[in-house]
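Inspection log for the structure reproduced underneath, given as structure tokens.
Computed from the coordinates by the stated procedures, all read-outs in this text should not be read as laboratory data. Owing to the predicted nature of the structure, the values given are computational and were not obtained by experimental measurement. Please note: Cβ atoms are built from the backbone with ideal geometry, for glycine as well, and neighbour counts cover all protein chains shown.
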């Protein structure tokens, strides 16, 4: 398959900068897969897994927030966090999940609950992706 | 008489040496903090640049989006990033000077980040949006997103008509420049030639409403990183100068002390000699 260049950046650094054959991202409106020569696109990214294919090999990652932009052939995924499966600290994610579950039960107002639910979703996504090495 | 002045000089040498020890320690701390802060800049700069490029050309033809609406910035919000501590040369003062120039003649709201910034504007009874962010060194990506959400909400409901961030750009180890950047409204390039409108996954307005707070948060976080590095660098330079001054002062004081000591000895010898001659 034809390869194309993508950049994946987070505030903590460049997570990926190179050629891929495909990029699959869970956007807020469902999965979107980008192949070479994709038309211009803009989508907001939610919490979930992403997948890149390099030399026929699939690599999974957990993404949280940000957006996906394709402009003039430049593909960029600007995320708040982006971790490849092998970078995920499973133990930490499980602890975060337990903490978030407790926080949902203890939440006093809507905002607390919303924050805790978002945390839970992130932890769950990490745990799920960690098993997809 | 001479003995008293010798003691004076001695105690001054002691005090300057004490000060120098402190400034030396501060320089070392600033240097090690600077190293970490520079690593952070290195990693956040690409995000700042790429996110700017990606958002820069956003256009929704025919629609007047709240995010791109041109404004005169009559009652803007200024997010002012200064340090948590002083003794960093002109670092804090430069930021406040720039902000004052920018806000002159406007009904500006201020969102101070950092203890010095908070103190400065509380003291002057400025119109402060939130006092929650007293420690700039502890601002995380999550905090930056919270701030961005607050700024975007205020912008959307018309509380302010523009959002700027005032921070110090880390140009190099010796140069840090206070600068400002417009966060909202987005400076879109809606030219007649028109960039081709991208395909939106879903309702364009909804997407932008979700993306823009994250964009603002991302840019804000990287400006915080720049500011932190600039603060450490400014402090390092200031402390380096303080060290040099201190060692210069000590040198002249030691010279003075030795002269005074010699004068005392000479006087004593003269006294002894003249005493023995008198016998």
Looking only at other chains, what is the average number of their beta-carbon atoms within 10 angstrom of each beta-carbon in A:5-12?
6
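Within 10 Å of each Cβ in peptide B:36-45, how many partner chain Cβ atoms are there on average? Round it to a whole number, please.
Numbers: counts 0, 0, 0, 1, 3, 0, 2, 7, 5, 3.
Other-chain Cβ atoms within 10 Å of each residue's Cβ, averaged: 2.
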Nearest 10 degrees, 0 to 90: what angle lies between the long axis of helix A:110-130 and the longest principal axis of chain A (Cα atoms)?
50
Note: B:143-151 gets an average of partner chain Cβ contacts (10 Å, Cβ to Cβ) equal to 1
Suppose only helical runs count, i.e. DSSP H with n ≥ 4. What mean residue ellipticity at 222 nm does that imply for the protein assembly as shown under -39500 (n - 2.57) per run, divided by all residues and rounded to the nearest 500 deg cm²/dmol?
-18000 deg cm²/dmol
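Note down the relative contact order for region A:4-86 as a percent, whole number, built from C-alpha pairs under 8 angstrom at least six residues apart.
Answer for region A:4-86 is 31 percent.
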Alpha carbon centre of region A:50-116 versus region B:71-96: separation in Å?
33
Anyone know which of A:97, A:105, A:117 comes out most mobile in the 10 Å Cα GNM of chain A?
A:105
Normalised by the number of residues in region A:89-130, what is the relative contact order in percent for Cα pairs under 8 Å and 6+ residues apart?
51
Can you put B:17, B:168, A:81 in order, fewest other beta carbons within 10 Å first?
B:17, A:81, B:168
If neighbour count is taken as other Cβ atoms inside 10 Å, put B:228, B:28, B:208 in order from fewest to most.
B:28, B:208, B:228
At a 10 Å Cβ-Cβ cut-off, how would you order B:80, B:136, B:16, fewest neighbours first?
B:16, B:136, B:80
Chain B: angle of helix B:204-278 to the longest principal axis, Cα-based, in degrees nearest 10:
10
When chain B is modelled as a GNM with alpha-carbon springs shorter than 10 Å, which of B:117, B:44, B:232 fluctuates the most?
B:44
Taking chain B as the reference, fit the longest principal axis to its C-alpha atoms, fit the long axis of helix B:2-56 to the helix C-alpha atoms, and give the angle between the two in degrees, 0 to 90, nearest 10.
20
Length gained if residue B:259 through residue B:159 is fully extended, taking 0.36 nm per residue and subtracting the Cα-Cα distance, is 29.1 nm
